[in-house]
Amino acid sequence: MSANIVALAYLVASVFFILALKGLSSPVTARRGNIFGILGMIIAVGTTLTITENWQLILGCIAVGGTIGAIVAKRVQMTAMPELVAFMHSLVGLAAVFIAIAAINNPVSFGLPAVLPMGSKFELFLGTFIGAMTWSGSVIAFLKLSGRMSGAPVVFSGQHMLNLVLAIVMVGFGLWFFFSDTTNWTAFIAMTAIAFVLGFLIIIPIGGADMPVVISMLNSYSGWAAAGIGFSLGNPMLIIAGSLVGSSGAILSYIMCKAMNRPFLSVILGGFGSEGADVSADDGGQKTHRSGSADDAAFMLGNADTVVIVPGYGLAVARAQHAVKELADALQEKGINVRFAIHPVAGRMPGHMNVLLAEAEIDYEYVLEMDEINSDFSNTDVVLVLGANDVVNPAANTPGSPIYGMPILDAHKARTVMVVKRSMAAGYAGLDNELFYMDKTMMVFGDAKKVVEGMVKGL
């Protein structure tokens with residue numbers, strides 16, 4: 001295949017990737033976006049196979065990896081989707097590191113000069129250290145999300161100074177590698193090892209409540225790692241695809257930071273999540289709450305004119321999305337206006353709640369983002385909160401609170417609030433929720449799926 005045809009094929013694949021991102025920006029067009037992404041990847045991989053002599057080996061590796069991926073994707077539960085995404089990000093970062101090692105070991109096989117020029121060394125340096133940090137950071141995210149490691153922030157004195165010193169030393173080894181006349185494996189290995197350590201240190205101080213931003217951020221890192229390696233190999237497809245992933249992940253991280261009132265630069269440097277880590281969920285005062293049964297909740301829902309359902313991670317844990325669909329249908333049959341309110345960081349990954357509701361085939365027309373629905377809460381008869389905590393905590397409006405300034409769903413402004421939770425335990429932010437103790441709030445304790453099924457029967 002001629003160079004012009006290859007360039008044209010890569011351009012077509014790039015257009016499909018851009019259309020895929022456009023499609024994924026809305027739940028209505030998400031399926032179409034996925035199809036565009038698949039077509040783009042088929043074209044990109046197929047074109048690459050025509051310009052390599054080892055296409056049989058590559059196809060074999062694709063078959064093995066694709067089979068493993070298909071089995072894992074089919075078996076994974078929706079509740080485990082966040083840690084699966086984090087795990088996949090780690091593989092992208094590790095792949096970038098391995099490609100850089102192979103290119104440095106045998107540059108000629110990658111179409112590079114036997115003695116790597118400074119430009120190639122710089123590109124390999126960027127791809128390697130970003131990829132290494134992405135791998136180790138994603139491993140920590142995976143461990144926290146899967147419960148194999150505590151979700152609480154891990155902080156210690158001098159943590160940020162240690163990160164700064166390690167970063168300076170890593171850059172120092174990178175410069176040594178950059179200015180060496182021959183392949184300096186000592187400098188490269190030292191630089192890579194420090195990058196792996198930095199990835200761990202940057203993610204461990206981040207609390208579980210901030211994991212959606214972490215996943216988005218690591219997604220961005222993996223894209224930039226791929227783009228850096230693409231420059232080294234002179235592969236425009238890697239550069240374009242990596243840049244699209246990197247930039248879209250960065251934009252999503254920025255949007256989510258705004259939704260959590262977090263400084264964007266602090267996220268990039270891994271310096272957030274530690275504030276408020278020592279805040280107790282109990283302020284020492286006696287508080288009382290009102291509780292009721294699923295039948296009580298069904299009676300209140302059945303006599304409402306407007307209902308807003310706020311899903312949270314508890315809904316995912318209980319796998320209650322299909323039961324919620326039945327509840328919404330039952331209410332709508334009674335002529336009740338039912339809508340869903342989604343907070344940008346609800347759940348454990350970007351779009352977690354949207355994915356669950358889509359799986360239950362809930363009409364996108366009734367699924368509204370925070371900015372679209374917040375002004376309507378004051379005119380809502382009943383708000384049903386399912387497993388959400390921090391994203392509906394009115395403490396965000398109280399100066400001095402660790403989450404002060406964080407935009408929340410204004411569920412507390414509704415006439416009646418019902419909260420379905422297993423217990424009165426605090427959320428991932430470690431804060432008690434003032435909403436639970438308001439006179440207008442009724443707590444319904446139990447597994448979200450069983451409670452919602454009880455509400456459907458009560459209706």
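The values are calculated or read from the model by the stated rules, or taken from the named source; none is laboratory data. From a predicted model like this one, the values you see are computed outputs, not experimental measurements. Cβ: placed from backbone, ideal geometry, glycine included. Neighbour counts: every protein chain shown. Quick note on the areas: whole protein, heavy atoms, side chains included, nothing else; ligands and nucleic acids left out. Shrake-Rupley method; radii C 1.70, N 1.55, O 1.52, S 1.80 Å.
For the range 124-154, how many residues meet the condition of being touching a Leu at 6+ places or on another chain (Cβ under 6 Å), of a type in the set (A, V, I, L, M) and part of a helix (DSSP H, G or I)?
The number of residues fulfilling the criteria is 1.
For the range 155-170, does any single residue satisfy the condition of being at pLDDT 90 or above, part of a loop (DSSP other than H, G, I, E, B) and surrounded by 15 or more Cβ atoms within 10 Å (Cβ to Cβ)?
no
Can you give me the ranges of the helices (runs of 4 or more DSSP H) entirely in the range 311-379 with at least 1 residues that are modelled with pLDDT under 90 and buried (at least 17 other Cβ atoms within 10 Å of the Cβ)?
Numbers: elements: 313-318, 321-333, 352-359, 370-373.
The helices (runs of 4 or more DSSP H) meeting that bar are 313-318, 352-359.
Would you check if ALA7 is closer than 19 Å to GLY242 by Cβ and either modelled with pLDDT of 90 or more or not in a helix (DSSP H, G or I) (or both)?
On the way: closer than 19 Å to GLY242 by Cβ: yes; either modelled with pLDDT of 90 or more or not in a helix (DSSP H, G or I) (or both): no.
Judged against the criteria, ALA7 is not a match.
Only one of ALA304, ALA323, ALA297 is farther than 17 Å from ASP381 by Cα and touching a residue at least 60 places away in the same chain (Cβ under 8 Å). Can you tell me which? Talk me through it step by step, then tell me what you get.
Working: ALA304 fails: farther than 17 Å from ASP381 by Cα; ALA297 fails: farther than 17 Å from ASP381 by Cα.
When all the criteria are applied, what remains is ALA323.
Which is modelled with pLDDT under 85, surrounded by fewer than 14 Cβ atoms within 10 Å (Cβ to Cβ) and among the aliphatic types (A, V, I, L, M), of ALA152, ALA102, ALA73?
Details: ALA152 fails: surrounded by fewer than 14 Cβ atoms within 10 Å (Cβ to Cβ); ALA102 fails: modelled with pLDDT under 85.
ALA73 is the lone residue from the list that is modelled with pLDDT under 85, surrounded by fewer than 14 Cβ atoms within 10 Å (Cβ to Cβ) and among the aliphatic types (A, V, I, L, M).
Go through the range 105-145 and give me each residue that's modelled with pLDDT of 90 or more, surrounded by fewer than 24 Cβ atoms within 10 Å (Cβ to Cβ), of a type outside the set (A, V, I, L, M) and within 22 Å of the chain's Cα centre (by Cα).
Result: SER136, single match.
Which condition breaks for HIS412 when tested against (1) out of contact with any strand residue (DSSP E or B) (no Cβ under 7 Å at 6 or more places or on another chain); (2) under 17 Å from LYS258 (Cα atoms)?
Among (1) out of contact with any strand residue (DSSP E or B) (no Cβ under 7 Å at 6 or more places or on another chain); (2) under 17 Å from LYS258 (Cα atoms), HIS412 violates only (2).
Out of VAL97, VAL72, VAL92, which single residue is over 13 Å from TRP135 (Cα atoms), in a helix (DSSP H, G or I) and of a type outside the set (D, E, K, R)?
Values: VAL97 fails: over 13 Å from TRP135 (Cα atoms); VAL92 fails: over 13 Å from TRP135 (Cα atoms).
Exactly one residue qualifies, and that residue is VAL72.
Can you tell me which of GLY46, GLY40 is modelled with pLDDT of 90 or more, out of contact with any Ser or Thr (no Cβ under 9 Å at 6 or more places or on another chain) and not β-branched (Val, Ile, Thr)?
Details: GLY40 fails: out of contact with any Ser or Thr (no Cβ under 9 Å at 6 or more places or on another chain).
Matching residue, one of GLY46, GLY40: GLY46.
For the range 408-450, give me each residue that is farther than 27 Å from LYS325 by Cα and modelled with pLDDT of 85 or more.
Across the range 408-450, the qualifying residues are GLU434, TYR437, MET438, ASP439.
Is it the case, given these coordinates, that THR134 is among the polar types (S, T, N, Q), farther than 21 Å from SER253 by Cβ and in contact (Cβ under 8 Å) with a residue 60 or more places away in the chain?
On the way: among the polar types (S, T, N, Q): yes; farther than 21 Å from SER253 by Cβ: no; in contact (Cβ under 8 Å) with a residue 60 or more places away in the chain: yes.
Spelling it out, it is not the case that THR134 is among the polar types (S, T, N, Q), farther than 21 Å from SER253 by Cβ and in contact (Cβ under 8 Å) with a residue 60 or more places away in the chain.
Working only within the range 386-419, note down all residues that are free of Cβ contacts under 8 Å to residues at least 60 places away in the same chain, open to solvent by 10 Å² or more (accessible area, probe 1.4 Å), under 14 Å from MET370 (Cβ atoms) and not in a helix (DSSP H, G or I).
Selection gives ASP410 alone.
Of the residues that sit in the range 221-237 and are touching a Phe, Trp or Tyr at 6+ places or on another chain (Cβ under 8 Å) and hydrophobic (A, V, I, L, M, F, W, C), which one is least open to solvent (accessible area, probe 1.4 Å)?
It comes out as MET237.
Give the residue that is surrounded by the most Cβ atoms within 10 Å (Cβ to Cβ), with candidates limited to residues of the range 420-459 that are among the β-branched types (Val, Ile, Thr) and assigned to a helix (DSSP H, G or I).
Initially, the range 420-459 is screened for residues among the β-branched types (Val, Ile, Thr), giving 420, 441, 444, 451-452, 456.
Filter again for assigned to a helix (DSSP H, G or I), leaving 451-452, 456.
On the way: VAL451: 22, VAL452: 30, VAL456: 19.
Restricting to residues being among the β-branched types (Val, Ile, Thr) and assigned to a helix (DSSP H, G or I), the top hit is VAL452.
Which one of GLY347, GLY302 is among the small types (Gly, Ala, Ser) and closer than 22 Å to MET256 by Cβ? Lay out the reasoning, then the answer.
Details: GLY302 fails: closer than 22 Å to MET256 by Cβ.
None of the others qualify; the one that does is GLY347.
The rows are residues; the columns are (1) within 24 Å of the chain's Cα centre (by Cα); (2) hydroxyl-bearing (Ser, Thr, Tyr); (3) more than 30 Å from VAL367 (Cα to Cα); (4) open to solvent by 80 Å² or more (accessible area, probe 1.4 Å).
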| position | (1), (2), (3), (4) |
| --- | --- |
| SER2 | no, yes, yes, no |
| VAL45 | no, no, yes, no |
| THR50 | no, yes, yes, no |
| CYS61 | no, no, yes, yes |
| VAL64 | no, no, yes, yes |
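Can ASP305 be described as modelled with pLDDT of 85 or more, among the acidic types (Asp, Glu) and in contact with an Asp or Glu (Cβ under 8 Å, 6 or more places away or on another chain)? Please lay out each step first, then the result.
Values: modelled with pLDDT of 85 or more: yes; among the acidic types (Asp, Glu): yes; in contact with an Asp or Glu (Cβ under 8 Å, 6 or more places away or on another chain): yes.
Answer is yes for this residue.
For residues that are among the acidic types (Asp, Glu) and at pLDDT 65 or above, scanning just the range 241-300, find the one that is least open to solvent (accessible area, probe 1.4 Å).
That would be ASP296.
Before we move on, is ARG75 of a type in the set (D, E, K, R), under 23 Å from MET353 (Cα atoms) and in contact with a Gly (Cβ under 6 Å, 6 or more places away or on another chain)?
Considered against the rule, which asks whether it is of a type in the set (D, E, K, R), under 23 Å from MET353 (Cα atoms) and in contact with a Gly (Cβ under 6 Å, 6 or more places away or on another chain), ARG75 comes out as no.
Need pairs with beta-carbon distance below 8 Å; first residue β-branched (Val, Ile, Thr) and within the range 351-362, second assigned to a helix (DSSP H, G or I) and open to solvent by 30 Å² or more (accessible area, probe 1.4 Å); sequence gap 6+ or separate chains.
So the pair list comes out as VAL355/MET78; VAL355/MET81; ILE362/LYS325.
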